[in-house]
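Every number in this text was worked out from the coordinates using simple rules, so none of it is lab data. Just so it is clear, the model here is predicted, and its values are computed rather than measured. Ideal geometry is used to build each Cβ from the backbone, glycine not excepted, and the neighbour counts take in all protein chains shown.
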């Protein structure tokens, strides 16, 4: 069984993507359950394939979330700390 291709996942719509994520999580649960009860036949590669597929699905979902949200600008970011640890130590003395 070959690893799934990311392009196939990118072609899915939102509902199909959510359903695929739920289905993949269920498959991983079932694999872990079958392994714990010693009913798992076949190799451990099934875990790798399902984890890989879930990672791809979650990546595409996150890409879509980021594309849909407005981009943040530098003024929206919290101010960075300018004092270093050495500066704060000398200020205390």
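Assorted remarks:
- Viscosity 1.002 mPa s, 20 °C: Kirkwood-radius Stokes-Einstein D of region 1-69 over Cα pairs, µm²/s: 165
- Protection proxy ranking, highest mean first, for peptides 44-52, 63-71: 44-52, 63-71, where packing is the per-residue count of other beta-carbon atoms within 10 Å, averaged.
- A straight chain from residue 19 to residue 51 at 0.36 nm per residue would run longer than the Cα-Cα distance by 10.0 nm.
- Going from the fewest other Cβ atoms within 10 Å to the most, the residues 18, 41 appear in the order 41, 18.
- Computed label-point distance, nm, for sites residue 26 and residue 65 using a 7 Å Cα→Cβ extension: 2.2
- Over region 1-69, Cα pairs under 8 Å with separation of 6+ residues give a relative contact order of 49 percent.
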